[in-house]
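Contents: one structure, followed by commentary.
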Amino acid sequence: MIKRCTLLDHNGWIPLRIALWPDSASDNDDDAQTMLSAPERYLVLVFVKENGEAAGFAEASLRTDYVNGTNSSPVAFLEGLYVHPASRGAGIARQLVTGIQQWAEQMGCTELASDALLDNVGSHAMHKALGFAETERVVYFL
């Protein structure tokens, strides 16, 4: 079952978020407050198994700044997608992305974008399997 996280009900999301981004654990409270208090801009979905255990999540936002490879604004952006390793291969990521796509359409978006680090070939393969097409590669400098 997929459920939308809210300020009152977001059980299971944060531990999965830490599993995906372990270096950002200290930012989770601020991120959660920001995302869950602005449902017109952010969406957090969690896949919950029949036993009540959270098995995966997806985070999305509406971006009005330029998003590489897109032609419209706002653009729905898949900010994060994670499925616990023990639950992979069961279509959970696809279900979560479908939920994000439905939300994006309701928000008036015609494009759903995402990104991955250049060396994250596992993420590249997952994106392609979910129907994403690579548009460009970028290296940023400061």
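Here the Karplus relation 6.51 cos²θ - 1.76 cosθ + 1.60, evaluated at θ = phi - 60°, turns the backbone of region 46-53 into coupling constants of 10, 8, 10, 6, 4, 7, x, 7 Hz, with x for every Gly and Pro. Between Glu105, Glu50, Glu79, the residue with the greatest mean-square fluctuation in the GNM of the chain (Cα pairs under 10 Å linked by springs) is Glu50.
Under a GNM of the chain (C-alpha, springs under 10 Å), which listed residue has the highest mean-square fluctuation: Pro85, Pro74, Pro15? Result for the chain, Cα springs under 10 Å: Pro85 fluctuates most.
In this simple spin-label model, placing a label point 7 Å from the Cα along the Cα-to-Cβ direction at both Lys128 and Met107 gives a separation of 2.8 nm. Surface composition of region 1-117: carbon plus sulfur atoms hold 49% of the accessible area, using a 1.4 angstrom probe and ignoring ligands, DNA and RNA.
So what are the chain's ellipsoid semi-axes, whole angstrom, largest first, if each one is the square root of 5 times an eigenvalue of the alpha-carbon gyration tensor? The partial results should precede the final answer.
On the way: eigenvalues 102, 64, 52 Å².
Output for the chain: semi-axes of 23, 18, 16 Å.
The helix-only estimate of mean residue ellipticity at 222 nm for the chain, built from DSSP H runs of length n ≥ 4 each weighted as -39500 (n - 2.57), is -8500 deg cm²/dmol after division by the residue total. Distance between the pseudo-spin-label points of Glu50 and Asn68 (7 Å out from Cα toward the beta carbon): 4.3 nm.
May I ask for the percentage of alpha-carbon pairs in region 68-142 that lie more than 15 Å from each other?
Numbers: 1657 of 2775 pairs.
Cα-Cα pairs in region 68-142 separated by more than 15 Å: 60 percent.
Excluding ligands, DNA and RNA, what is the solvent-accessible area per residue of the chain at a probe of 1.4 Å, expressed in Å²?
Here the per-residue accessible area is 60 Å².
Rg/Rh for region 1-72 to two decimals, with Rh computed the Kirkwood way over all alpha-carbon pairs. Don't skip to the answer; put the middle values down first.
Working: Rg = 13.4 Å, Rh = 13.3 Å.
Expressed as Rg/Rh, it is 1.01.
Quick one, could you list the DSSP H helices from the chain stretching 15 Å or more along their long axis (Cα atoms) with average Kyte-Doolittle hydropathy of -1.0 or above?
Answer set is 92-106.
The values are calculated or read from the model by the stated rules, or taken from the named source; none is laboratory data. As the structure is a computational prediction, the values presented were derived from the model and not from experiment. So basically every Cβ, Gly included, is an ideal-geometry build from the backbone, and we count neighbours across all protein chains shown. We work out accessible area using only protein heavy atoms, side chains counted, and drop any ligands, DNA or RNA first. Shrake-Rupley method; radii C 1.70, N 1.55, O 1.52, S 1.80 Å.
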